[in-house]
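Peer 1: The structure under discussion is supplied below as structure tokens; questions concerning it will follow.
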Amino acid sequence: MFHVLIVDDYPDQVESLVSTIPFEELGIGEVYQAYSGMEALEIVKSCTVDIVITDIRMPGMSGLELLRRIREGSSKTKCIFISGHADFEYAKQAIELQSSHYLLKPVETEALIATLKNVVSDLHEEWKEVASYQRAVYTLREHFSLLSGELLNHLLQDRRYPKGVIAGRMNMLELPFHIGDRTGMFIMRLEDGFHEFDDYDLSLMEFAVANIAGEIFGEPFHLWHCKDSYDNLVFLLKAKKTAEDGEDDWRQIEKLAANLHRSVSVYLKRNVSIAVAEQFEAFPERLSRMHRICLSAMRRQIGDESNFFVTARDEPEQSIEGGLRTPYQPPLLIHLLETGSWEKAARKLDDIFAELAEKWAESPEYAQEVWFSVMSSFHYVAHKNGKQLGQIMGGGHHAMMDAGNTAPAYKQLKDKVYFAFSRLTEDADRNTKDSRKYMIKKIHQFIDADISRDLSLQAIADQVKLHPAYISKMYKTETGMNVGDYVLKKRMGLAAKLLQDSSDKIYEIAQSTGYLTTHYFSKVFKSYYGMTPLEFREKSADRGG
């Protein structure tokens, strides 16, 4: 649904439009209210506004100036001007600012509804164009480099995609790589001099490095690169003309990588270290393994020194195969818990225990590894929520290993972990509900404290320091009604009580309940109770008599 902002320096005009226009039927969700150009501008800055309905002449900032300021940040926002001045100059400026419509006061409700229907229809057509297949293809092509780097990074992390999915994505990204290709690899660590750059300049330098690599390797090899999770640049290579034994290809990669190492130093005046995988591997099965071999070479042969060039060999005596992998593959359990992705976290636990079941017989240390890695994530999230994990789990459930850290039986370990997880999710759900109940209580307290003041969604949001869109969604989810419905209920309740129990004039009751004009108050009251305030008072007096 689209969002609307109504602006007028006469609040009763704003409220009249809010109460008479069937916005939801027109496909409009949030309706924001502002009583000056500056207030409207603040709402536009903090909220998504698709349509602005505004008076042209207002004290301070005019409607025309408001639209000029809006146009500085958005060309898509539609504007409907309402004015009592049939002045050609106003209309001319409105057209120049690409306003959608220009209506003269007094505006008939039917005319405004018809205008809003047209504007909503125009917005739908524009967004259909944005989401169209042709536009999507064009935008996708613009981001091929970013998307291809992301795919390669996922494969380096050994994310388990079906081969058909990998092949489909490579085909979509027009990458000259295929399942089963023999591929080589080298990784580059950016060192002295690169750390002084901010993110933007560092991205430019990485782009320059990739361009140099493309020039050096481009003739004999296809190149595919990304930035891995350790901030290394990783280059995957496939020979355009493959030698039968692969030896010549690897020697050529080593030679060209040495050339790249020298060129970066000469032309960019910065140090890098490069590790070249010694052999070709089948794509994508051995891709993650090849990456780990290169990382191992960096760690063991270079360490924290800089400006080295090494060959990364797979050394059997320091095998990097085996061991648990699922707990350390992204997305990590701790990140899923921290973002409240409970269903994904449950699937992650399933995967961890599936791998543990396969390796259980190999070593009891795997059980300890799972317990400590999983429970450390649980501890972290519990503490972030201001609680002890033992407090959440209760009793002796928190303890697992005995004094000698002896591994428990597989089922006992799994049951304990899943029990802790279930308690964490229950606690998080309670926290969310308690937080929302507390926020609704604060909203009600603010409204009830002074029913006569500005109780627009924006005013309430400013008071409780939350985004108005979140308040609207949260309140409707928890209570089944809109915030405005509660305000109306309280105002009408107070109005009825004053009409029954006091001798206040109708205009005084209107002011006491937050309405600036008696006419508008009477209109709202009749809509709510089915009779005018005077009729209500007379009927109440008859019943009392």
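Only the coordinates and a few stated rules stand behind these numbers; no lab work does. All values derive from a computational prediction rather than experimental measurement. Note that each Cβ is placed from the backbone with ideal geometry, even for glycine, and that neighbours are counted across all protein chains shown.
Peer 1: Please compute one quarter of the surface area of the Cα convex hull for the stretch 138-215 and express it in square nanometres.
Peer 2: Spelled out: convex hull of the Cα atoms, projected over all directions, averaged, 6.8 nm².
Peer 1: Given the Cα atoms of the stretch 1-57, and with Rh set as the inverse mean 1/r over their pairs in the Kirkwood sense, what is Rg to Rh to two decimals?
Peer 2: Across the stretch 1-57, the Cα-based Rg/Rh ratio is 0.94.
Peer 1: At q = 0.05, 0.06, 0.10 Å⁻¹, what log₁₀ I(q)/I(0) does a Debye calculation on the Cα points of the chain give, no solvent, two decimals?
Peer 2: For the chain, the Cα-only Debye profile gives -0.38, -0.54, -1.03.
Peer 1: Related question: Under the 0.36 nm per residue contour assumption, what length would be gained going from the current alpha-carbon distance of residue 454 and residue 519 to full extension? Kindly include the intermediate steps, with their values, before the conclusion.
Peer 2: On the way: separation 65, 0.36 × 65 = 23.40 nm, distance 1.83 nm.
Using 0.36 nm per residue and subtracting the Cα-Cα distance, I get 21.6 nm.
Peer 1: Taking the highest mean first, how do the peptides 48-56, 179-187, 209-217, 500-508 order by number of other beta carbon atoms within 10 angstrom per residue?
Peer 2: 48-56, 179-187, 209-217, 500-508
Peer 1: Turning to a different aspect of this structure: Please list, in order along the stretch 371-383, the HN-Hα scalar couplings obtained from phi with the Karplus expression 6.51 cos²θ - 1.76 cosθ + 1.60 (θ = phi - 60°), rounded to whole Hz, x for Gly and Pro.
Peer 2: 4, 5, 5, 5, 5, 5, 5, 4, 4, 4, 5, 4, 5
Peer 1: Turning to a different aspect of this structure: Could you sort 443-453, 32-42, 411-421 so that the peptide with the highest average Cβ count within 10 Å comes first and the rest follow in order?
Peer 2: 32-42, 411-421, 443-453
Peer 1: To continue, here is another question. Starting from the amide H of residue 221, placed 1.01 Å from N in the peptide plane, find each other amide H under 5 Å away whose residue is 5 or more places distant or on another chain.
Peer 2: Placed amide hydrogens put 240 under 5 Å from residue 221.
Peer 1: Which pairs, out of 240/359; 45/387; 414/473; 163/241; 387/465; 128/240, put more than 30 Å between their alpha-carbon atoms? Don't jump to the answer; show the numbers that get you there.
Peer 2: Details: 240/359 41 Å; 45/387 37 Å; 414/473 38 Å; 163/241 24 Å; 387/465 25 Å; 128/240 42 Å.
In this structure, 240/359; 45/387; 414/473; 128/240 lie more than 30 Å apart at Cα.
Peer 1: Tell me, what does the Kirkwood hydrodynamic radius of the stretch 418-545 come to in angstroms if you use every pair of distinct C-alpha atoms?
Peer 2: For the stretch 418-545, inverting the mean 1/r across all distinct Cα pairs yields 16.7 Å.
Peer 1: Tell me, 294, 226 in order of fewest to most beta-carbon neighbours within 10 Å?
Peer 2: Result, fewest neighbours first: 226, 294.
Peer 1: I've got another one for you. What fraction of the DSSP beta bridges in the chain is antiparallel, stated in percent and rounded to the nearest 5?
Peer 2: 45 percent
Peer 1: May I ask for the Kirkwood hydrodynamic radius of the stretch 2-131, worked out over all distinct Cα pairs and given in angstroms to one decimal?
Peer 2: Kirkwood hydrodynamic radius for the stretch 2-131: 14.6 Å.
Peer 1: Tell me what the chain gives for mean residue ellipticity at 222 nm when only DSSP H runs of n ≥ 4 count, each as -39,500 (n - 2.57), the sum divided by the residue total, rounded to 500 deg cm²/dmol.
Peer 2: Working: 22 runs with 305 residues, N = 545.
So the calculated ellipticity at 222 nm is -18000 deg cm²/dmol.
Peer 1: Any chance you could give the angle, 0 to 90 degrees and rounded to 10, that helix 518-529 forms with the longest Cα principal axis of the chain?
Peer 2: 70 degrees
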